[in-house]
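Notes follow once the structure below has been shown.
None of the figures in this text is laboratory data; all of them are computed from the coordinates on show. From a predicted model like this one, the values you see are computed outputs, not experimental measurements. A quick note on method: Cβ atoms are made from the backbone with ideal geometry, for glycine too, and the neighbour counts reach across all protein chains shown.
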Amino acid sequence: MDWKYRWKNGYRPSRDEAAKTPHLLDESQFENEQDRKLAEETTRKHLGVPAPTLDEDQSILPHAAPPNDKV
């Protein structure tokens, strides 16, 4: 299957790499942020990678310290 977008690093990432990388596509090919986000979502579906969530940076533990706090 031919893909209509340019990959960010010039090649199709593996599923593991795509899951860890916030942006899979070359940003210069989009006119606005909304188009880029839509294409990123479509790309993740195409690769079978779950879309990132808004709270994925936060700990799932109930009393964990925020990542920037120093003990």
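Modelled spin labels at Asp55 and Asn9, positioned 7 Å past Cα toward Cβ, are 3.1 nm from each other. Extending 7 Å from Cα along the Cβ direction at Asp35 and again at Thr21 yields two label points whose distance is 2.1 nm.
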